[in-house]
Amino acid sequence: MARPRILGLAPHSQERVCAASLALPLSPGEVSAGRRIEVAHNAPTLFGAEVPASARYTRRERPLHWFEVSAEDDAGRIGDGRVARAIAPEAKLTIRAKTLR
């Protein structure tokens, strides 16, 4: 269960931290969508432990916004890597999601 929690299921996951950092520059009707995740899970953590994640914006390679990410528990770093997100019109993303099912 630790890898899904690091990537996106936990409230302070790497994916959510990246999404939140792109929320401010969005125009009405736009969303940011995850496009690529490259994360290494380097150490175990106790079940139920708090695992805060951090993200640092590193660059833009059109159309992607890249972040360096990491997660730590009380004993130290448990995972790190990079995440790419793209900004897209919400309506276009919704249509695409429905047609790819």
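The values are calculated or read from the model by the stated rules, or taken from the named source; none is laboratory data. Note that the coordinates shown come from a computational prediction; the quantities given were computed from them, not determined experimentally. Cβ placement follows ideal geometry from the backbone for every residue including glycine, while neighbour counts extend to all protein chains displayed. With ligands, DNA and RNA removed, areas are computed over all heavy atoms of the protein, side chains included. Shrake-Rupley method; radii C 1.70, N 1.55, O 1.52, S 1.80 Å.
Using just the helices of the chain, give the 222 nm mean residue ellipticity in deg cm²/dmol: DSSP H runs with n ≥ 4 each add -39,500 (n - 2.57), and the total is spread over all residues, rounded to 500.
Taken over the chain, the calculation gives -6000 deg cm²/dmol.
Can you pull the one-decimal nm distance between simple spin-label points at Glu90 and Arg36, each 7 Å off the Cα toward Cβ?
2.8 nm
Specify the inter-centroid distance of the range 27-57 and the range 65-101, based on alpha-carbon positions, in whole Å.
When both Cα centres are located, 7 Å separates them.
With a 1.4 Å probe and all protein chains kept in place, how much accessible area does Ile95 have, in Å² rounded to the nearest 10?
Approximately 110 Å² for this residue.
Expressed as an acute angle from 0 to 90° and rounded to the nearest 10, what is the orientation of the C-alpha long axis of helix 90-99 relative to the principal long axis of the chain?
80 degrees
Here are some values of semi-axes √(5λ) of the Cα gyration tensor in Å: (i) 60, 17, 7; (ii) 83, 22, 5; (iii) 27, 15, 11. Which one was computed from this structure?
(iii)
Can you tell me the accessible area per residue over the chain, all protein chains present, probe 1.4 angstrom, in square angstrom?
68 Å²
Place +1 on the Cβ of every Lys and Arg and -1 on the Cβ of every Asp and Glu in the range 31-96, take the dipole about the Cα centre, and give the residue among Leu46, Ala91, Tyr57 whose Cα lies farthest towards its positive end.
Final value for the positive-end residue is Ala91.
Evaluate E = 1/(1 + (r/R0)^6) for Asp74 and Leu26, where r is the Cβ-Cβ distance and R0 equals 41 Å; express this FRET efficiency to the nearest 0.05.
The formula returns an efficiency of 0.75 here.
Tyr57 to Lys98: extension gain in nm, 0.36 nm per residue of separation minus the Cα-Cα distance?
11.8 nm
Specify the residue with the greatest mean-square fluctuation among Glu30, Glu68, Glu15, computed from a Gaussian network of the chain linking alpha-carbon atoms under 10 Å apart.
Evaluated over the chain, the most mobile residue of the options is Glu30.
Only Cα pairs under 8 Å and at least 6 apart count here; give the relative contact order of the chain as a rounded whole percent.
Across the chain, relative contact order equals 30 percent.
At a 1.4 Å probe, what is the % contribution of carbon and sulfur to the accessible area of the chain?
In the chain, the share of accessible area belonging to carbon and sulfur is 55 percent.
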